[in-house]
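Just so you know, all these numbers are worked out from the coordinates, no wet-lab data involved. Computed from a predicted structure; not experimentally measured. Note: ideal-geometry Cβ built from the backbone for every residue, glycine included; neighbour counts use all protein chains shown.
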Amino acid sequence: MNRPPFSEETILSVAKTTLGIARNNAAALAGFGITADYLNEFESQVQAAEALPGETRNRIDLRAYTSDKDEALASCYRWGLDLRMRLKMAFGKTSSQYKSFPGKQFDLAQRNENAMMAVMEVLLALADKYKTELASFGQTPQIFTEGEQYLAELRTKDSAQELQKETKQQATQERYMQFQELHDTVNKINRVGRLVFKNDPTRMKLFESKWPRRGTRVTVVEESETATEVEQPDAEETA
């Protein structure tokens, strides 16, 4: 679902104003379905939308998961650097053993968790294959176990991050849907109000659109956290 046509702050403000006006004219609106129960439900929807965690809160939560994953990725990279140095010291730079280290893939994997998980499997196999020769250069069983643990942590934290991404996306879509429903309910109430009071210009004016007109600009923040200006559509009310 796309982002609602106005900011969440604007939708909440207009919804609360519209709710108050509708309650003050509830008797006249009830004949067209805008009953007390309808308005009570509308108020509950406003309160529920207001209580939702915002995009900023969701981004902060995701950032924490991303930071955990990045730390695990960095641990794997440091472990691999040490192994490459030990291979060089044990066998020499021109040896087939040293050249078996997937240097290009390893360097490219420094900032790519999926690539690093694949490379770490190769590195662990090399460390195990040459464990006797590498032992003299500090490659202990404990260090080998640490490498296994770093890989396991990277897999776990990558999975946690991906789950949080899906959770965030779902929460965003649900929030968009709730605010769109508020927007649509406001328009419905206003249409009914203008119909009911078509012969009473003063009261009819209360139900004119309160959405910002064309040319009003609001700042929105996308996933990249880069602020951009978006021109809102006409204040024409749609179903």
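Observations on the model:
- Here the Karplus curve 6.51 cos²θ - 1.76 cosθ + 1.60, taken at θ = phi - 60°, turns the phi angles of the stretch 176-182 into couplings of 4, 5, 5, 6, 5, 5, 4 Hz, with x standing for Gly and Pro.
- Cα-Cα over 29 Å, subset of 99/157; 69/93; 16/198: 99/157; 69/93
- Crossing angle, helix 113-129 versus the chain [Cα axis fit, 0-90 degrees, rounded to tens]: 20 degrees
- Taken one residue at a time, the phi angles of the stretch 31-45 give Karplus couplings (6.51, -1.76, 1.60, θ = phi - 60°) of x, 10, x, 8, 8, 4, 5, 4, 5, 5, 5, 4, 4, 4, 5 Hz. Gly and Pro are set to x.
- Per-residue extension of 0.36 nm, minus the Cα-Cα distance of residue 199 and residue 61, leaves a gain of 44.4 nm for this segment.
- Karplus (6.51, -1.76, 1.60) ³J(HN,Hα), θ = phi - 60°, over the stretch 190-197, in Hz, Gly and Pro reported as x: 5, 4, 5, x, 5, 5, 5, 10
- Against the set [x] 0.97; [y] 1.32; [z] 1.08, the structure's computed Rg/Rh (Cα atoms, Kirkwood Rh) falls on [y].
- Relative contact order for the chain, counting Cα pairs under 8 Å that sit 6 or more residues apart, in percent: 27 percent
- Theoretical ellipticity at 222 nm over the chain - DSSP helices of four or more residues, -39500 (n - 2.57) apiece, nearest 500: -23000 deg cm²/dmol
- With contacts taken as Cα pairs under 8 Å and at least 6 residues apart, the stretch 69-163 reaches a relative contact order of 41 percent.
- Principal-axis tilt of helix 8-24 within the chain, Cα atoms, nearest 10 degrees: 30 degrees
- Peptides ranked, highest mean first, by Cβ atoms within 10 Å: ranges 198-204, 119-125, 161-167, 97-103: 119-125, 97-103, 161-167, 198-204
- Approximate spin-label separation residue 32-residue 148, in nm, with each point projected 7 Å along Cα-to-Cβ: 7.3 nm
- Net lengthening on full extension, residue 93/residue 173 (0.36 nm per residue, minus Cα-Cα): 23.4 nm
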